[in-house]
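The values are calculated or read from the model by the stated rules, or taken from the named source; none is laboratory data. Keep in mind that what you see is a predicted model, and the values were worked out from it rather than measured. Glycine also receives a Cβ, built like all others from the backbone with ideal geometry; neighbour counts cover every protein chain displayed.
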Amino acid sequence: MAFPSAPSALWSVSLLTVLFVAAVHSNIIYDDNPLQPVTSDETVSVGGTVTLTCHVPETDNSSLQWSNTAQQTLYFGEKRALRDNRIQLHRSTATELSITIGEVQLSDEGEYTCSIFTMPVLTARATVTVLGVPGKPQILGFESAVPEGGKVTLTCTSTGSKPPATLRWYRGEQELEGRPDVVESVPDDPTYNVSSELTLEVSRSDDNALITCAVDHPSLAPGDKRSEHALRVLYSPNVQILPESNLPKEGEKFHLQCLGNGNPEPTSYMWEKKDGELPPLAKIDGAFLRFDLLNKSDNGVYLCDADNGIGNSQGEYKLLVQDNSADPTAMSTSSGVDHAVIGGVVAVIVFILLSLLIVLGRYLIRHKGTYLTHEAKGSDDAPDADTAIINAEGGHSGAEDKKEYFI
């Protein structure tokens, strides 16, 4: 076996060392080198536009160049090198070279290189990350209505996301917890399909409740992609009997209505009277029980049984027929009239009494003066009180005689 000579081996080692140093030297970034290009990593969604910017602190009039992931030159200064209309020049100066890539595709992801042709050539690399935008979620499991108290399992699926999306469940505004997401990679494609399951035990309050599956992903704003469906819950009716009037009167027409709030609506109604048979004049008309002519013998408790195929329920109403003459409105009007008449009579009596008091008062005042005058005339010469009164009367008569004589 032949071995190389010592001088030949030493020369080979020296050559390899020089090549290694040159290679390392060409990739070393000197932070204090004013000609070292600087760039940054970018993230963009599929279909969007990304801007790649490369600049140097100083210039020696060397040209800047952008290359793609396959090391194909995109732009050399202001000159387009690759015929791809998606790639456009954004800005070119002595210290900056910026380009834009529009309608970004998943294949555009990778490392882009900015170079400045000095001696040696200096480079900087920018990694472009392309986000796969997830599709609108699809919800399965709403094919049929669910009976009250039953369980329903819903499945939400979203495709085309990169990185894998996160699925969230909501009932109205309340977030629900589903099973962990299942992530599946797509063959020959860097995207993922994501699915999630939610199991609910439903009640009648869940009927028509909105169940939402929303996609959470860096490429989307919150709520951008979501799907909504309304739950349908089957439940037995809740029965209530409504009267036509709150004051049913004897001799009038009247009916009771049976309301069955259920899903589906009740299809059959049964009427009966508690502790007895229905009155002969009462007629059943589906959800209505009609009375052509009310009588006090119709008083009692009436029952309605409603059935919708899911279940049945019963409601009751106590009927109390009022006397037709007992009209509260008429009584109130009559009472008002009586009060008015009584008030008028009292006012007249008070007026008459006041008038009599006034007349009597004037009469007493007028005759009080005459009595004092007569009393004075009789008391001057009388030895006692009786004589004074007699004299006063006599004097009064004499005055009248004189008065008549004068006339």
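Some points to look at:
- Residue tally, condition closer than 30 Å to SER245 by Cα, loosely packed, with under 14 Cβ neighbours inside 10 Å and at pLDDT 75 or above, over segment 306-355: 5
- Number of residues in segment 170-189 that are part of a loop (DSSP other than H, G, I, E, B) and not acidic (Asp, Glu) equals 6.
- Here the condition is being in contact with a helix residue (DSSP H, G or I) (Cβ under 8 Å, 6 or more places away or on another chain), outside the structural domain of ARG204 (by TED's automatic domain parsing) and touching a residue at least 24 places away in the same chain (Cβ under 8 Å); of ASN263, ASN295, it holds for ASN263 alone.
- Highlighted here are the strands (runs of 3 or more DSSP E) found entirely within segment 114-163 that include at least 3 residues which are touching a strand residue (DSSP E or B) at 6+ places or on another chain (Cβ under 6 Å), of a type outside the set (Lys, Arg) and more than 30 Å from ALA81 (Cβ to Cβ): 138-140, 151-161.
- Filter pass, GLU244 being assigned by TED's automatic domain parsing to the domain that holds ASP298 and touching a His at 6+ places or on another chain (Cβ under 6 Å): yes
- For the criterion of being more than 60 Å from the chain's Cα centre (by Cα) and at pLDDT 85 or above, SER62 passes.
- Here GLU252 passes the criteria (1) under 27 Å from GLU201 (Cβ atoms); (2) buried (at least 16 other Cβ atoms within 10 Å of the Cβ); (3) of a type in the set (D, E, K, R) except the one numbered (1).
- Some residue of segment 203-213 being part of a strand (DSSP E or B), modelled with pLDDT of 95 or more and either small (Gly, Ala, Ser) or in the same structural domain as GLU42 (by TED's automatic domain parsing) (or both): no
- Filter result (surrounded by 15 or more Cβ atoms within 10 Å (Cβ to Cβ) and either over 16 Å from ALA230 (Cα atoms) or out of contact with any strand residue (DSSP E or B) (no Cβ under 7 Å at 6 or more places or on another chain) (or both)) within segment 166-182: THR166, LEU167, ARG168, GLY178, ASP181
- In segment 59-70, the residues that are farther than 14 Å from ASP84 by Cα form Cβ pairs under 8 Å with partners that are part of a loop (DSSP other than H, G, I, E, B) and acidic (Asp, Glu), at six or more places apart or across chains, as follows: THR69/GLU109.
- The condition (being hydrophobic (A, V, I, L, M, F, W, C), within 30 Å of GLY262 (Cα to Cα) and either crowded, with 19+ Cβ neighbours inside 10 Å or over 47 Å from the mean Cα position of the chain (by Cα) (or both)) is satisfied by just one residue among VAL104, VAL146, VAL130: VAL146.
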